[in-house]
1. Looking at 621, 596 in this structure, which one is within 30 Å of residue 121 (Cα to Cα), more than 18 Å from the chain's Cα centre (by Cα) and buried (at least 23 other Cβ atoms within 10 Å of the Cβ)?
2. If I filter the stretch 246-265 for residues that are more than 26 Å from residue 611 (Cα to Cα) and in contact with a strand residue (DSSP E or B) (Cβ under 8 Å, 6 or more places away or on another chain), do I get at least one hit?
3. Of the residues 214, 187, 218, which single one is over 20 Å from residue 359 (Cα atoms), out of contact with any strand residue (DSSP E or B) (no Cβ under 7 Å at 6 or more places or on another chain) and not assigned by TED's automatic domain parsing to the domain that holds residue 569?
4. When only residues in the stretch 719-755 that are touching a residue at least 60 places away in the same chain (Cβ under 8 Å) and not in a strand (DSSP E or B) count, which is farthest from residue 583 (Cα to Cα)?
5. Can residue 181 be described as buried (at least 23 other Cβ atoms within 10 Å of the Cβ), at pLDDT 95 or above and out of contact with any helix residue (DSSP H, G or I) (no Cβ under 6 Å at 6 or more places or on another chain)?
6. Can you find, within the stretch 219-240, the residue that is nearest to residue 147 (Cα to Cα) among those that are assigned to a helix (DSSP H, G or I) and in contact with a helix residue (DSSP H, G or I) (Cβ under 7 Å, 6 or more places away or on another chain)?
7. Going through the stretch 227-253 one residue at a time, which ones are surrounded by 13 or more Cβ atoms within 10 Å (Cβ to Cβ) and in contact (Cβ under 8 Å) with a residue 40 or more places away in the chain?
8. Just to be sure, is residue 574 touching a strand residue (DSSP E or B) at 6+ places or on another chain (Cβ under 8 Å) and either surrounded by 21 or more Cβ atoms within 10 Å (Cβ to Cβ) or touching a residue at least 24 places away in the same chain (Cβ under 8 Å) (or both)?
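The values are calculated or read from the model by the stated rules, or taken from the named source; none is laboratory data. From a predicted model like this one, the values you see are computed outputs, not experimental measurements. As a convention, Cβ positions derive from the backbone with ideal geometry for all residues, glycine included, and neighbour counts pool all protein chains shown.
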């Protein structure tokens with residue numbers, strides 16, 4: 001049934017296009033109604049308009065039509081917004097002079113629904129409103145598990161004086177960065193350009209068209225009050241100066257997001273990688289692992305590249321650094337040793353003090369990293385870390401549909417880390433029946449130095465410290481295991497009565513795709529079919545629910561959803577490719593190719609060989625994401641996908657597209673390769689021999705499962721139980737035998753039935 005919407009407008013709208021056109025423009029009410037009708041038609045809705053200058057007539061119309069229409073009572077400034085949201089998601093936006101967040105499904109937005117500030121959500125038409133009102137804009141960006149977002153909401157945004165100042169002088173927009181990552185990325189780039197810093201909450205003040213003139217992160221009430229008043233004065237006294245500033249910022253952000261096409265394809269030189277890795281070594285933290293930094297984040301793609309690099313170039317120093325880092329991380333404050341899962345980062349440089357939110361994208365990538373590390377080092381501890389992380393996701397962050405929720409909050413009861421820290425009295429309870437001194441020593445507790453006020457964190461000795469600790473305390477490994485069993489049981493008992501951290505239960509397509517890839521990686525490393533089945537079920541659930549009007553979406557919850565961005569296409573395409581490799585089911589390959597093709601078509605940038613992050617035309621700048629940070633650049637993943645597809649179907653066009661993408665960023669990543677690790681891996685695939693391993697025949701699954709137990713950089717491993725039309729498989733199927741083909745550049749060596757003999761043809765496999 002077609003949704004019908006009645007739009008009722010009050011006084012003075014009939015004067016649109018009739019008043020002073022030099023000031024108000026010549027856009028008429030008829031023009032407006034035509035625009036809205038066209039938009040509604042695109043969205044599958046019917047619209048009726050009613051305008052009257054008499055309030056009584058408007059009320060009568062509402063009373064008569066109430067039961068027939070989805071009535072939206074609006075004024076001119078929010079007409080377009082209302083139509084779009086009514087058709088798309090059932091959300092009615094009534095008034096920019098009211099807080100509109102009470103009907104949102106986003107946990108972060110709902111956390112601000114009771115603020116006295118007239119918050120609006122981000123929309124594609126919000127700037128139509130602001131420019132008509134000629135008001136500056138406050139755009140405040142955060143996410144539900146962000147501690148300092150909670151603090152600013154509680155202190156600053158709940159303040160009536162601040163609210164009055166913001167409501168009178170600004171249109172105020174609250175953005176969930178996980179729903180609108182393109183908005184976050186655009187304004188975060190502006191913040192970093194303007195201040196050299198970034199973080200959340202990100203608070204940006206813009207001109208009515210969305211061009212930024214101020215950016216900052218957390219502000220106290222007095223700081224925010226001062227900033228708002230300064231901007232208000234500048235608008236009054238020096239508006240031209242603000243416009244000039246906005247133009248400079250826009251130009252700067254545009255320059256950052258512009259990578260022009262290269263006229264010539266440069267050679268992919270191994271010296272580029274070798275020189276950059278040698279330079280990177282100078283930035284390593286040799287004592288604590290990872291890179292030198294005041295705060296420690298994990299970027300799993302860094303260590304995946306380094307593992308590949310170390311194997312290809314036989315660099316033991318790199319291999320040792322990665323192992324040391326992974327050993328330290330897994331037993332550090334970053335890893336929740338009781339309930340599993342990794343925190344987002346530590347606030348210190350020794351991996352001790354965590355910032356307590358847990359993000360799906362971190363868990364997903366750590367599963368991939370430790371699965372790969374298990375292949376390389378054959379260390380059962382890495383297997384345990386992988387299992388514990390998967391168990392955490394399944395027990396704490398799983399939806400009833402089998403997908404994973406976005407994040408777990410850092411705060412409980414308004415306090416950061418309260419769920420994970422302990423009072424002095426609780427320390428005595430935990431250590432009962434054991435020696436308090438031994439307990440305090442193992443968990444590095446100094447009674448005179450609490451973590452915060454009277455709260456203490458339990459930080460177990462790192463793996464590389466444990467042997468020394470056992471000798472010092474004259475204990476065996478068995479003794480320690482028994483002690484930890486007692487302590488951890490008591491910790492769990494204490495936690496049972498606590499308020500549990502909030503779960504942000506939105507479904508993010510890209511992050512769930514990362515999790516699918518992680519589960520496939522775990523399946524291949526650990527030979528656990530449960531993980532492959534879980535990945536398959538997640539994929540089918542995503543396929544069934546992540547397309548609206550035949551387009552991929554980014555996130556959804558209940559009836560609300562957000563349009564997909566490049567990372568959704570890239571990560572889902574890779575997940576589908578990994579399922580093809582693990583199962584031999586060509587439907588996964590076909591889907592991966594289809595999604596990759598769509599990404600190229602939808603997001604192609606005319607000025608470069610790269611893809612735009614989104615097609616959000618309301619943003620003040622285009623976005624081209626190339627850095628591999630805490631999550632990989634979607635451009636680097638698409639380049640990887642095109643490369644793999646080209647090698648499966650022997651298509652030079654795909655390979656050329658991929659080459660152009662990788663070539664375009666070579667100069668960008670030079671001297672900064674630690675921020676571009678997936679791109680570096682793309683180059684690695686090109687500077688040394690790349691192999692296709694095709695396993696074809698009735699026993700292909702069994703043989704492939706054994707091959708994928710090995711660490712195999714610079715290879716793509718695919719399988720087929722039946723005859724196939726994919727070029728890599730053509731004319732290579734025999735019903736009575738399963739053959740292993742090792743191929744390069746469309747040419748395969750003599751097929752083998754023996755796995756060991758086949759793998760001797762690939763120098764990198766271990």
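1. The match here is 621.
2. Among the residues of the stretch 246-265, not one is more than 26 Å from residue 611 (Cα to Cα) and in contact with a strand residue (DSSP E or B) (Cβ under 8 Å, 6 or more places away or on another chain), which makes the answer no.
3. 218
4. 746
5. Taking the combined requirement at face value, the residue satisfies it.
6. Residues of the stretch 219-240 assigned to a helix (DSSP H, G or I): 221-237, 239-240.
Keeping just the survivors that are in contact with a helix residue (DSSP H, G or I) (Cβ under 7 Å, 6 or more places away or on another chain) gives 221, 224-225, 228, 232, 234-235.
Numbers: 221: 16, 224: 18, 225: 21, 228: 23, 232: 29, 234: 32, 235: 32 Å.
Result: 221.
7. Listed by number, the residues that qualify are 228, 231, 232, 235, 246, 249, 250, 252, 253.
8. Numbers: touching a strand residue (DSSP E or B) at 6+ places or on another chain (Cβ under 8 Å): no; either surrounded by 21 or more Cβ atoms within 10 Å (Cβ to Cβ) or touching a residue at least 24 places away in the same chain (Cβ under 8 Å) (or both): yes.
Answer is no for this residue.
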